[in-house]
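*Asks:* First the structure, then my questions, so here it is.
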């Protein structure tokens with residue numbers, strides 16, 4: 001089931017890719033059923049909070065008519081940033097499955113750990129999935145972005 | 001001007017109080033003008049992300065049609081939590097004025113510091129305002145909440 005749900009999160013990341021967004025996707029699961037799914041829409045919506053996790057948490061809360069998502073698990077292709085990790089704590093999500101780590105902004109252990117801090121009022125179980133495709137889709141996205149930037153730069157200096 | 005804008009943030013917190021929400025308010029300022037204002041609406045909207053700062057950042061981004069709020073300052077009555085501090089970093093907000101600290105969940109120095117971490121790609125200037133009313137409105141809110149809880153408990157055991 002873990003691979004299935006991570007693959008569904010990856011399908012969300014692919015939707016972000018089509019929109020030229022940083023390809024990150026999330027699904028939220030309750031009782032083995034996906035109750036919310038989302039992908040990064042920061043550029044499309046011009047909204048700095050429109051990361052996949054925030055959008056999915058808002059959808060799940062709307063569906064359950066509650067801000068408490070205690071019995072839910074969140075699957076995400078990339079380690080959440082501080083904002084998203086903070087939202088996971090706010091929503092009291094029990095377990096987070098992470099497809100790949102983010103050594104630049106990861107807030108689930110890579111840079112800081114917001115999900116597991118005794119000072120906060122909620123502790124989240126972290127499961128590292130290490131899905132190769134979750135990582136590759138991001139590496140390819142940024143490689144391609146740099147390639148386009150270099151091409152544009154060369155074109156300008158001609 | 002700092003006192004004026006913090007007072008406007010406090011007016012937002014008072015709107016939250018009327019709705020029985022934890023009284024926290026925010027205004028976002030650009031070129032000495034308030035471009036967005038919001039108060040905590042977590043219970044009203046059943047949305048764990050509906051803190052004052054998140055709602056105000058989303059409004060400001062919509063107004064400016066950009067997720068980059070570099071030239072903006074944010075005034076907030078209570079020290080932002082990790083989610084909101086993370087959103088401030090995501091939005092590239094330059095300066096944050098804070099009315100009172102939060103020793104339980106503050107992510108601007110009290111528990112962790114998300115706004116000033118060399119690993120992240122943005123550093124936020126923090127200005128502590130120490131406004132007594134920003135603190136008192138929260139202390140009174142929780143005191144009253146406990147009083148009501150005790151009263152209800154006594155009523156149940158009669």
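The values are calculated or read from the model by the stated rules, or taken from the named source; none is laboratory data. All values derive from a computational prediction rather than experimental measurement. A quick note on method: Cβ atoms are made from the backbone with ideal geometry, for glycine too, and the neighbour counts reach across all protein chains shown.
*Asks:* Report whether or not residue A:126 is surrounded by 12 or more Cβ atoms within 10 Å (Cβ to Cβ) and away from chain B (no Cβ under 14 Å).
*Replies:* Values: surrounded by 12 or more Cβ atoms within 10 Å (Cβ to Cβ): yes; away from chain B (no Cβ under 14 Å): yes.
Against the criterion (surrounded by 12 or more Cβ atoms within 10 Å (Cβ to Cβ) and away from chain B (no Cβ under 14 Å)), residue A:126 qualifies.
*Asks:* Given (1) modelled with pLDDT of 95 or more; (2) farther than 19 Å from residue A:71 by Cα, where does residue A:85 come up short, assuming only one miss?
*Replies:* Against the list (1) modelled with pLDDT of 95 or more; (2) farther than 19 Å from residue A:71 by Cα, residue A:85 comes up short only on (2).
*Asks:* Read through the list (1) farther than 22 Å from residue B:144 by Cβ; (2) in contact with a strand residue (DSSP E or B) (Cβ under 6 Å, 6 or more places away or on another chain), then give the number of the only condition that residue B:16 fails.
*Replies:* (1)
*Asks:* So, one more: For the stretch B:126-158, name all the residues that are outside any helix (DSSP H, G or I) and under 22 Å from residue B:104 (Cα atoms).
*Replies:* B:126, B:127, B:128, B:129, B:130, B:131
*Asks:* Also, I was wondering about something else. Quick one: is residue A:144 under 27 Å from residue A:3 (Cβ atoms), more than 16 Å from the chain's Cα centre (by Cα) and away from chain B (no Cβ under 14 Å)?
*Replies:* Yes; evaluated as a whole, the condition is true for this residue.
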